[in-house]
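I have placed the structure first, in the form of structure tokens, so that the comments after it can refer back to it.
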Amino acid sequence: MGSRIRQAMDDDIEESHEINVTPFIDVILVLLIIFMVAAPLATVDVNVDLPGSTATPAPRPETPLFLTLKDDLTLAIGNDTVPRPVFAATLDGKTKGDKQTRIFLRADKAVAYGDLMEAMNLLRGAGYLKIALVGLETVPAADAPAPAATGAAAP
């Protein structure tokens, strides 16, 4: 409770009914710092240079499972790099054996088409047929022809 000293004839201290905002500002600043630190941790940390796509974005599930094909042709499930010999077993562990799980496949721009098809064949060999291709959202140019294919593909 705040008070101020004022000369009065009866020598009583008058109460002040103003809100002290200093603790409120301190709490807001602490929360801001926490969110600034936590926000980068909530994103996927695999560095990949995705090609652009002008397709209408499809709704994404709450917890998507990303398979990333990096420019050095290594595979990563989520943020973890996975060797090809144990790829199927690792993927089964991530999906708890559910072969109907949609796998979001993203590849670096530098990856050749044949290498991308090899990754899709690995998925098919492991029994996962629901594959969504991931690209960066771009605005279509006004003079560019409309793309022939859009969005997700399933082999």
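Okay, here's what the table says:
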| read-out | value |
| --- | --- |
| Scan of the range 108-137 for residues that are under 16 Å from the mean Cα position of the chain (by Cα), not in a loop (DSSP other than H, G, I, E, B) and not hydrophobic (A, V, I, L, M, F, W, C), ordered by number | GLU137 |
| Scope the range 89-107; condition part of a helix (DSSP H, G or I) and open to solvent by 30 Å² or more (accessible area, probe 1.4 Å); matching residues | ALA89, THR90, ASP92, GLY93, LYS94 |
| Total residues in the range 74-87, condition over 15 Å from VAL48 (Cα atoms), of a type outside the set (D, E, K, R) and either modelled with pLDDT under 90 or exposed (fewer than 13 other Cβ atoms within 10 Å of the Cβ) (or both) | 4 |
| Matching option when the condition is touching an Asp or Glu at 6+ places or on another chain (Cβ under 8 Å) and open to solvent by less than 50 Å² (accessible area, probe 1.4 Å), among LEU69, LEU65 | LEU69 |
| Selection within the range 93-136 - small (Gly, Ala, Ser), under 22 Å from ARG60 (Cα atoms) and touching a residue at least 40 places away in the same chain (Cβ under 8 Å) | ALA107, ALA119, ALA132, GLY135 |
| Residue tally, condition among the acidic types (Asp, Glu) and over 17 Å from ALA112 (Cα atoms), over the range 59-90 | 2 |
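The values are calculated or read from the model by the stated rules, or taken from the named source; none is laboratory data. All values derive from a computational prediction rather than experimental measurement. Virtual Cβ from ideal backbone geometry, glycine too; neighbours counted across all protein chains shown. Side chains are part of the model used for accessible areas, which takes the heavy atoms of the whole protein and leaves out ligands, DNA and RNA. Shrake-Rupley method; radii C 1.70, N 1.55, O 1.52, S 1.80 Å.
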